[in-house]
Amino acid sequence: MQHKFYPKIVLLPVVLAALLATACQRTGTSDHSSGSVSRTGFFFDTVVSLTVNGTDDDSVLDECFTLMENYEAMLSRTRENSDVWKINHSSGKPVTVSDETASLLSLAMKYSELSDGAFDITIAPYVELWDFKENPGTVPSEADLAEAGSHVGISSLRLDGNTVTLDDPEAAVDLGAIAKGYIADRVKEFLTSQGVESALINLGGNVLTIGNRSSSSPWNIGIRDPLGDSDDIITSIRISGKSVVTSGTYERYFEKDGVRYHHILDPKTGLPVQNGLESVTILSNSSAEGDALSTSCFVLGLEKGMELVESLDGTEALFITDEQELCCSDGFPKE
């Protein structure tokens, strides 16, 4: 299989108005200019923003934010009495969950099988050990990694309808690598049901669009330079009705003794993946798919990750290496 490599390129002076305009607004505010409404909030430990074109009525945003709040209450690992919290505190006993949680668990198990274990939602013991949100720079010991790893493995998770069982009482589930995508899909589904024909959904890097930005212009989505500052982009793509999801080493990390320890962990070792990649971007129809595949392909590495993407219909990828080489799947759009 041949890969298309592009040399290191100069940062592009593209103004990502669709993304930056929403991100600059205060939480709870709306913008009624040009027949559109926008709002920014904070869910899933990240800033989220919605822009809906073709209306001055922001009540549709109220419904979207209520929807996101409900899903966070259902799927958060750390929120007490969420479905995931109940699973993780079940001591190995069966737990009954909502239809939505069961559907998402089933989807996660599908991508675990598809990626040969590179995607694994039972990685929670490793996630808790590293605790990138609060970790000041502590690298877990080999003994602690081995102990946590003894409780990681999708085989311990059983799903029968709405009944979930973790056979290992010390095992735990973390849906952080797929939940935002799933929720973005549900928000899009709701907006479409309300007759919305143009919208941008940005859930902390999970970008999902409805239609075009305007009657004649698609959405212009920037892809961050993983080795640059937060507002540096390395390329951009124009999309309509598609999902763009990126997983990168810059999202959560700390540095110690010249080594960057980032949050994308290998389920087989519990260590941050070190394979020459800095980010993976997935272009697809579903944000949940993009979420799961961006993580899967990062863990798999360039060769196996590209092979997985090329095997899937309607899915494209951009891999960026630590030398800022861009490697695209055959159908990934070029500028």
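The values are calculated or read from the model by the stated rules, or taken from the named source; none is laboratory data. This one's a predicted model, so the numbers in the text were calculated from it and none came from an experiment. Cβ coordinates were reconstructed from backbone atoms using ideal geometry, including for glycine residues, and neighbour counts include every protein chain displayed. Accessible surface areas use protein heavy atoms only, side chains included; no ligands, DNA or RNA. Shrake-Rupley method; radii C 1.70, N 1.55, O 1.52, S 1.80 Å.
Listing for the model above:
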| read-out | value |
| --- | --- |
| In segment 164-209, residue nearest to Thr246 (Cα to Cα) [restricted to those that are in contact with a Cys (Cβ under 9 Å, 6 or more places away or on another chain) and either crowded, with 22+ Cβ neighbours inside 10 Å or among the aliphatic types (A, V, I, L, M) (or both)] | Ile201 |
| Count of residues meeting criterion [in contact (Cβ under 8 Å) with a residue 24 or more places away in the chain and outside any loop (DSSP other than H, G, I, E, B)] in segment 132-146 | 1 |
| Listing of strands (runs of 3 or more DSSP E) fully contained in segment 229-333 that carry 2 or more residues being touching a residue at least 60 places away in the same chain (Cβ under 8 Å), open to solvent by less than 60 Å² (accessible area, probe 1.4 Å) and within 29 Å of Thr51 (Cα to Cα) | 233-239, 243-248, 316-321 |
| Matching option when the condition is of a type outside the set (Phe, Trp, Tyr) and modelled with pLDDT under 95, among Glu307, Glu335, Glu303, Glu325 | Glu335 |
| Some residue of segment 30-46 being at pLDDT below 95, in a strand (DSSP E or B), aromatic (Phe, Trp, Tyr) and open to solvent by less than 70 Å² (accessible area, probe 1.4 Å) | yes |
| Conditions (1) under 19 Å from Gly290 (Cβ atoms); (2) under 16 Å from the mean Cα position of the chain (by Cα): number failed by Val127 | (1) |
| Filter result for Asp225 (closer than 28 Å to Ile123 by Cβ and either surrounded by fewer than 22 Cβ atoms within 10 Å (Cβ to Cβ) or not charged (D, E, K, R) (or both)) | no |
| Pairs with Cβ under 8 Å, 6+ apart, first in segment 107-131 and in contact (Cβ under 8 Å) with a residue 60 or more places away in the chain and in a helix (DSSP H, G or I), second surrounded by 20 or more Cβ atoms within 10 Å (Cβ to Cβ) and among the aromatic types (Phe, Trp, Tyr) | Leu107/Tyr182; Ala108/Phe119; Tyr111/Phe119; Trp130/Tyr261 |
| Selection count where residues are farther than 22 Å from Ser98 by Cβ and open to solvent by 40 Å² or more (accessible area, probe 1.4 Å), scope segment 152-163 | 1 |
